[in-house]
Amino acid sequence: QVQLIESGGGLVQAGGSLRLSCAASGRTFSIYTMGWFRQAPGKEREFVASIAWTGGSTAYADSVKGRFIIFTDNAKNTNYLQMNNLKPEDTAVYYCNAAISTETMGKEGSTWGQGTQVTVSS
């Protein structure tokens, strides 16, 4: 099994930046893709960004394109979400996800972290 530990959330003013980290341990050789989802109060969990574990292919939600960057450090078994120009609507709990295929990203059988709170004040 894979275990995921997130860190880096916090409170920031609009226009500021935060970097989230997601450290993977366990059967990391089984990971094909990693990514981030978020869930705001009263809303469903939504996709934010993903990256192939070996690097290269990335995908972003339209709402974060041009502001967020996802990247990996395979030597540290860690992926990062650099969030720039943050907006109040980015406020949510952010969850790291690891999957054995792009099709299972965020779905049953994938692995979730515990979540980290990001709050953006106006």
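The values are calculated or read from the model by the stated rules, or taken from the named source; none is laboratory data. Because the structure is a prediction, the values reported are computed rather than measured. Heads up, the Cβs are rebuilt from the backbone with ideal geometry, glycines too, and the neighbour counts pull from every protein chain shown. Just the protein is used for accessible areas: all its heavy atoms, side chains included, with ligands, DNA and RNA removed. Shrake-Rupley method; radii C 1.70, N 1.55, O 1.52, S 1.80 Å.
For the chain, modelled as a GNM with alpha-carbon contacts under 10 angstrom, which of 61, 24, 75 fluctuates the most? Comparing 61, 24, 75 in a Gaussian network model of the chain, the most mobile one is 75.
Summing Cβ point charges (Lys, Arg +1; Asp, Glu -1) relative to the Cα centre of the stretch 10-122 gives a dipole of roughly 180 debye.
For the stretch 54-122, what percent of Cα pairs sit more than 20 Å apart?
Details: 837 of 2346 pairs.
Every Cα pair in the stretch 54-122 considered, those over 20 Å come to 36 percent.
I need to check one value: relative contact order of the chain, counting alpha carbon pairs closer than 8 Å and at least 6 residues apart, in percent. For the chain, the relative contact order is 35 percent. A 1.4 Å probe, protein heavy atoms only, puts the accessible area of residue 119 near 50 Å². Per-atom-type breakdown for the stretch 1-85 gives carbon and sulfur 49% of the accessible area (1.4 Å probe, protein chains only). Mean projected area of the convex hull spanned by the Cα atoms of the chain, taken over all viewing directions: 6.9 nm². Counting only heavy atoms of protein chains, what accessible area per residue, in Å², does the stretch 1-102 have with a probe of 1.4 Å? For the stretch 1-102, the solvent-accessible area averages 50 Å² per residue.
Give me the percent of DSSP beta bridges within the chain that run antiparallel, rounded to the nearest 5. Kindly include the intermediate steps, with their values, before the conclusion.
Working: 39 of 43 bridges.
Given both bridge residues lie in the chain, the antiparallel proportion sits at roughly 90 percent.
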